[in-house]
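Read-outs throughout are calculated quantities, based only on the coordinates presented, and are distinct from any laboratory measurement. As the structure is a prediction and not an experimental result, all values here were calculated from the model. Positions of Cβ are backbone-derived with ideal geometry, glycine not excepted, and every protein chain shown enters the neighbour counts.
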Amino acid sequence: MTFTKDQIVQLEKLVEEANDITLITHANPDADTVGSALALHNVLVQMGKKAQVVCPNPIPDFIQWMHNIDTVIVHDREGRKVQRLVENADLIFAMDFNAPHRTSNIEKSMMETKAKKVLIDHHLFPDEDYFDLMFSFPKKSSTSELLFDILRASNYKKYINKEIATNIFVGLMTDTGSFAYNCNQPETFETAAELIRYGVEVKKTHDLIYNNNSIDRIRALGYSISERLRVFPKQNAAYISLSAEDLTRYGNGEGLTEGIVNYALSIQGICFAALLTEKGDKIKISFRSKGTYDVNAFARKYFEGGGHHNAAGGKSFLSLEKTEQKLEELITNLEIPC
């Protein structure tokens, strides 16, 4: 058990007393934050609660098929509406992020709201001063797996259905790279098996996530590998860098670069990989590693980021060229065991 009975009692009391509930995802939403938010939203709606999922930015194309995805309100498109939902809520769920700043353009509203705040997350270093109730367990493969544990331990278990199970399964599957990492605990596979018993269609779900690429995304992937990949064999490192012009050339759709960093990491002998993408006035960076090298610590120290031991994110407000130079200088001084 990853949490106490008292925490479940507190959660049920907060939900019972709430009239307006807002569930918030992190910026640049992925399948885990969206899947867990939609799954909990489904439970709350079945209970007769007034609830709404909000995202800072548009949701990637590859998960646009998920159940009730059309009900999500995106700040980039309806900022004032999201602001009202957050500031007027009496209960907020933070799904898959550990601090308000991870929500980007929603952070200001999160700091101004008087709502009670519940954290459901698996990232390190949660903002303990901000949340009223925390379910924070970094050893969990995903927030979706953690949510499933919470639902099963509470009076909400009776609301779990095929749609909820599928949304949770998507979060679990994608945050483990289709069960390739972050899944050394047998409980993760036991959770997957239990979700399948609720009706998850594994092959169909897997195909919708991994075998449903746009032509633009495949072309962007090919270009990234053939033209924008830099390899440092002595340091066991590699990175891919994409400019705003590169992204525009391939449509710049949501999720265009999803998973590209993993191709750099898949090279024989490479145990540290990064993907740099130019977005407006900043460079977004995704880090991945194999084995013992801690990219969470690396991202926190050098690129205002963080995440997990083998998967993290960061950012730079330098130009793309200068960010590349900074990363290469750091790489040349790294000791990366493989």
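Below, the figures for the structure above:
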item	result
Rounded to 5, the percent of DSSP beta bridges in the chain classed as antiparallel	45
Helix axis angle, 186-197 relative to the chain longest principal axis, alpha carbon, degrees	60
C-alpha long axis of helix 320-332 to longest principal axis of the chain, angle in °	80
Residue among 66, 111, 173 with the largest mean-square fluctuation in a Gaussian network model of the chain, springs linking Cα atoms under 10 Å	111
Cα Rg over Rh - the chain, Kirkwood	0.96
For the stretch 38-87, fraction of C-alpha pairs farther apart than 14 Å, in %	54
Order of 3, 131 - criterion: other Cβ atoms within 10 Å of each residue's Cβ, fewest first	3, 131
Rough spin-label spacing in nm, given labels placed 7 Å along Cα→Cβ, for residue 301 and residue 204	4.8
Burial ordering of 295, 170, 74, fewest other beta-carbon atoms within 10 Å first	74, 295, 170
Nearest-ten-degree value, helix 215-227 long axis tilted from longest Cα axis of the chain	40
Farthest toward positive dipole pole in the stretch 215-332 [+1 Lys/Arg, -1 Asp/Glu at C-beta], among 292, 260, 235	292
